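Asker: Okay, here's the structure, questions in a sec.
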Amino acid sequence: MCLAVPGRVTAIDGTEEFRTARVDFGGVTREACLAFVPEVEVGDYVLVHVGFAITRVDEEAARLALDALQSIDALDGDDDAAR
Amino acid sequence: MRHVDEYRAPQAIKGLIQRIAATMTRPWTLMEVCGGQTHAILKFGLDELLPERLRLIHGPGCPVCVTPLEQIDRALAIAATPGVIFCSFGDMLRVPGSHGDLLLAKARGADVRIVYSPLDAVALARREPTRRVVFFAVGFETTAPANAMAVYTAARAGLTNFSVLVAHVLVPPALEALLSAPGSEIQGLLAPGHVCVVTGYRDYERVAARYGIPIVVTGFEPLDLLRGVHAAVVQLERGEARVENQYERAALRDGNPAALQVVRDVFTVCDRKWRGLGEIPASGYTLAPAYAGFDAVQVFGLTDVTVDEPADCLSGLVLQGRLRPTQCPQFGKRCTPEHPLGATMVSTEGACAAYFHYGRTPAQAAHPDAARENEVSAL
């Protein structure tokens with residue numbers, strides 16, 4: 001029910017209050033309402049839930065988290081080192 | 001797919017599971033709150049890959065599952081009214097009411113339609129001015145902004161043939177009800193990532209402080225879930241009890257202000273009855289007075305519907321994390337996704353349905369060690 005799927009905004013239409021986007025979900029394109037994410041631009045990734053983008057995916061935060069996981073792999077065993 | 005595949009990398013999953021095992025000096029019990037998380041845990045077999053001493057109990061975070069019987073009965077009564085088009089998310093159609101479900105109502109001639117977005121129901125009301133269009137507004141905080149926006153849009157358009165049957169529920173009050181219940185075994189929580197995307201996680205800071213448990217805002221992919229488990233276990237081992245955000249790419253401490261604004265305009269907090277948990281004070285939304293004209297319960301005169309839950313479905317215990325689905329005597333026998341006794345077997349996110357779909361059998365539950373020997377590792 002709270003499923004939200006990440007997709008990439010490929011086009012934006014509409015007025016200031018009711019912007020809608022075309023969002024590409026790995027090959028499937030659907031429309032999403034951008035009313036809750038005024039900052040979103042073409043090329044951004046958004047999480048879409050029941051036809052609404054509910055957040056912009058922070059790519060920098062995602063990269064940092066994945067990098068931290070890789071350093072966990074590299075350190076292998078030392079409990080506190082990655083925190 | 002970006003922001004999906006990276007979080008399913010087998011090596012990283014394996015490394016993180018080893019890391020969790022190495023961190024644990026004693027058994028711990030965590031509850032993942034959201035049904036979407038439960039579904040992912042079972043789908044990817046994380047429950048079988050994690051150390052045995054790490055127990056995951058499945059929370060009540062499936063709005064379909066916690067919607068009480070009387071609200072389904074109201075939906076059935078509205079759907080059967082001549083001239084009505086009843087719109088719903090697909091999940092709700094098979095949830096049994098006292099007499100049948102919405103799918104059966106449709107088979108008997110009711111105009112029941114599945115919509116992708118609540119705005120689709122508003123568009124339908126515009127296209128069909130001679131019909132009364134009712135949308136079944138279920139969901140947690142994640143869905144509240146979309147459903148609020150549908151009502152707001154209908155109001156701005158001056159639609160008089162649109163209404164909503166509201167069954168909105170809120171996560172923190174339910175968590176507090178579970179945590180304060182005598183004998184609660186929950187030592188840490190994985191908070192629902194997409195609820196927190198909308199609301200932020202300040203409310204969870206209060207819960208963590210009051211009950212002295214770590215709460216980790218957690219996403220839905222395998223690595224997200226394992227990061228949540230790892231962070232919770234590290235806090236438990238250190239004796240800490242704070243809110244930590246492990247879903248940084250999506251959730252912020254203050255949530256989504258634009259989404260919260262429309263929710264505050266359209267809805268107001270109310271007491272709600274939860275299937276399995278009973279009535280919980282201030283645990284749901286109803287329409288604010290300015291939008292009361294859109295309340296289908298008032299429009300169709302259905303205020304006096306009260307129904308008891310069926311005795312042969314133990315979903316109440318499952319929703320409280322007190323019973324594994326496979327421990328229910330009806331599981332996989334009288335109760336299957338084709339013929340569900342209760343909502344937890346219907347919704348794709350219900351714990352019973354997840355156990356059924358991903359082959360967790362009563363035999364496995366009775367002999368966890370045997371199950372582990374037979375386990376097919378995803379790695």
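Asker: Name the single residue that is surrounded by the most Cβ atoms within 10 Å (Cβ to Cβ) among those in region B:136-165 being within 11 Å of chain A (Cβ to nearest Cβ) and aromatic (Phe, Trp, Tyr). It would help to see each step written out before you state the result.
Answerer: Start the filter on region B:136-165 by keeping residues that are within 11 Å of chain A (Cβ to nearest Cβ), which leaves B:137-150, B:152-153, B:156.
If we keep only those that are aromatic (Phe, Trp, Tyr) too, we end up with B:140, B:152.
Numbers: B:Phe140: 27, B:Tyr152: 19.
So the residue we want is B:Phe140.
Asker: Just checking, does region B:96-111 include any residue being part of a loop (DSSP other than H, G, I, E, B), within 14 Å of another protein chain (Cβ to nearest Cβ), under 30 Å from A:Cys33 (Cβ atoms) and not polar (S, T, N, Q)?
Answerer: Among the residues of region B:96-111, not one is part of a loop (DSSP other than H, G, I, E, B), within 14 Å of another protein chain (Cβ to nearest Cβ), under 30 Å from A:Cys33 (Cβ atoms) and not polar (S, T, N, Q), which makes the answer no.
Asker: When region B:234-246 is examined, which residues are found to be at the interface with chain A (Cβ under 10 Å from one of its Cβ atoms) and under 14 Å from B:Pro192 (Cα atoms)?
Answerer: Answer for region B:234-246, where residues must be at the interface with chain A (Cβ under 10 Å from one of its Cβ atoms) and under 14 Å from B:Pro192 (Cα atoms): B:Asn245, B:Gln246.
Asker: Separate question: Taking the conditions exactly as written (in contact with a strand residue (DSSP E or B) (Cβ under 8 Å, 6 or more places away or on another chain) and either more than 12 Å from chain A (Cβ to nearest Cβ) or without any contact (Cβ under 8 Å) to a residue 40 or more places away in the chain (or both)), does B:Leu49 satisfy them or not?
Answerer: Considered against the rule, which asks whether it is in contact with a strand residue (DSSP E or B) (Cβ under 8 Å, 6 or more places away or on another chain) and either more than 12 Å from chain A (Cβ to nearest Cβ) or without any contact (Cβ under 8 Å) to a residue 40 or more places away in the chain (or both), B:Leu49 comes out as no.
Asker: In region B:8-30, is there at least one residue being on the phi < 0 side of the Ramachandran plot, at the interface with another protein chain (Cβ under 8 Å from one of its Cβ atoms), among the hydroxyl-bearing types (Ser, Thr, Tyr) and in contact (Cβ under 8 Å) with a residue 40 or more places away in the chain?
Answerer: Yes, that holds for at least one residue.
Asker: For B:Gly183, state whether it is modelled with pLDDT of 95 or more and surrounded by fewer than 24 Cβ atoms within 10 Å (Cβ to Cβ).
Answerer: Taking the combined requirement at face value, the residue does not satisfy it.
Asker: Looking at region B:1-73, what helices (runs of 4 or more DSSP H) fall wholly within it and have at least 1 residues that are among the polar types (S, T, N, Q) and under 30 Å from B:Leu103 (Cα atoms)?
Answerer: B:35-43
Asker: Can you tell me which of B:Leu223, B:Leu236, B:Leu252, B:Leu260 is part of a loop (DSSP other than H, G, I, E, B), of a type in the set (A, V, I, L, M, F, W, C) and surrounded by fewer than 24 Cβ atoms within 10 Å (Cβ to Cβ)?
Answerer: Selected residue: B:Leu252, the only one of B:Leu223, B:Leu236, B:Leu252, B:Leu260 that is part of a loop (DSSP other than H, G, I, E, B), of a type in the set (A, V, I, L, M, F, W, C) and surrounded by fewer than 24 Cβ atoms within 10 Å (Cβ to Cβ).
Asker: How many residues are farther than 19 Å from B:Thr143 by Cβ, among the small types (Gly, Ala, Ser) and at the interface with chain B (Cβ under 10 Å from one of its Cβ atoms) if we restrict to region A:1-46?
Answerer: 2
Asker: Being modelled with pLDDT of 95 or more, of a type in the set (A, V, I, L, M, F, W, C), surrounded by fewer than 17 Cβ atoms within 10 Å (Cβ to Cβ) and closer than 22 Å to B:Met149 by Cβ is the filter here; which residues of region A:10-63 pass it?
Answerer: If the condition is that a residue be modelled with pLDDT of 95 or more, of a type in the set (A, V, I, L, M, F, W, C), surrounded by fewer than 17 Cβ atoms within 10 Å (Cβ to Cβ) and closer than 22 Å to B:Met149 by Cβ, then A:Ala11, A:Ile12, A:Phe25 are the ones that fit.
Asker: On to the next question. State which residue pairs qualify: first residue within 13 Å of chain A (Cβ to nearest Cβ) and under 16 Å from B:Ile186 (Cα atoms) and inside region B:214-233, second residue hydroxyl-bearing (Ser, Thr, Tyr) and surrounded by fewer than 24 Cβ atoms within 10 Å (Cβ to Cβ) in any location, beta carbons under 6 Å apart, and separation of 6 or more residues or different chains.
Answerer: Qualifying pairs under 6 Å: B:Val233/B:Thr23.
The values are calculated or read from the model by the stated rules, or taken from the named source; none is laboratory data. Everything quoted here is computed from the prediction, not taken from an experiment. Backbone-built Cβ (ideal geometry, glycine too); neighbour counts: all protein chains shown.
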